[in-house]
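For reference, the structure is listed below as C-alpha cells.
Coordinate-derived values only; no laboratory data. Just so you know, these numbers come straight off a predicted model, no measurement behind them. For neighbour counting, all protein chains shown are included, and Cβ atoms are generated from backbone atoms with ideal geometry for every residue, glycine included.
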Amino acid sequence: SAVISQKPSRDICQRGTSLTIQCQVDSQVTMMFWYRQQPGQSLTLIATANQGSEATYESGFVIDKFPISRPNLTFSTLTVSNMSPEDSSIYLCSVARGSGSENEQFFGPGTRLTVL
Amino acid sequence: GENVEQHPSTLSVQEGDSAVIKCTYSDSASNYFPWYKQELGKRPQLIIDIRSNVGEKKDQRIAVTLNKTAKHFSLHITETQPEDSAVYFCANRDGGYNKLIFGAGTRLAVHP
C-alpha cells in the first residue's frame, strides 16, 4: 500500500470562504483522485488530478468550485471554494499504484469539513 | 452511464454465521472489482479484489466471486466476528483502467 497523509484532518469554516486540502504520498504514484463522502453515503469521485495538466472532473463538479493542483507525482491539493453548508462532507484523497489493469487504489485519512 | 448496485444495504448476523454481499455492474468492459471496508470514522481499506481473468479469490475468512456473464460479484465472509462490523463497499473500474465506481455500501453488524 501507500502512505497517504492529508492536511487538515478537519476544519470548521464560515460560508463564503475557501479551504485548501493537501494530499501527500510517500512515493510516486500513477494516479491521484479526490472523492467526497457525505455522512452515511458512498464515495463520489470529484475529479482525477493530472500531473502537469488540468484535472478531469466528473459530472456535477466544476473547476471553479473545486480547483485542483498536482504539481508533481506525490502531491495534490483540492480547494473547496465559496463554501456553503451543503459542502460539509469528508473529502478523501486516493492514489493508484501500479500500471494499467494491475493498479490498486488506496485512500488517505480524509478531511472532515464543516461549513457553518 | 456506468453504475454499481449493491445489496443488501444493511445486514445483521450472529457471530460465527456467514455474510454475503452482492453487487451488479453495467460496464461490460470492467475488469477489476475491489472491496473496501470502512470502520466508523476511518478511511476505506482495500480488503480483497478480483480481476476478470479469475472466478474466485480467497483470503482467510473472506472470498470474492465473479460472474462476468451475469455481471455480478459477491463478497463472502465466513465465521464472522464482531470486528467484522463495518460498512463494506464494492467497486468496479471502468475499462480504461481509470476511475473506480462505488456501490452504495452495506452496513454489516455482527452480534456476539
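Table for the structure above
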read-out: Square roots of 5 times each gyration tensor eigenvalue, C-alpha, the protein assembly as shown, largest first, Å; value: 30, 21, 15
read-out: Partner chain coverage, peptide B:74-83 - average Cβ within 10 angstrom; value: 0
read-out: Approximate shape of the stretch A:4-52 as ellipsoid semi-axes (Cα gyration tensor, √5λ), whole Å, largest first; value: 22, 15, 12
read-out: Base-10 log of normalised Debye intensity for the stretch A:51-116 (one unit scatterer per alpha-carbon) at q = 0.21 Å⁻¹; value: -1.07
read-out: Whole-percent pair-distance distribution, where bins are 10 Å wide, for the alpha carbons of chain B; value: 15, 49, 29, 6, 0
read-out: Chain A pair-distance distribution - Cα-Cα, 10 Å bins, rounded %; value: 15, 49, 30, 6, 0
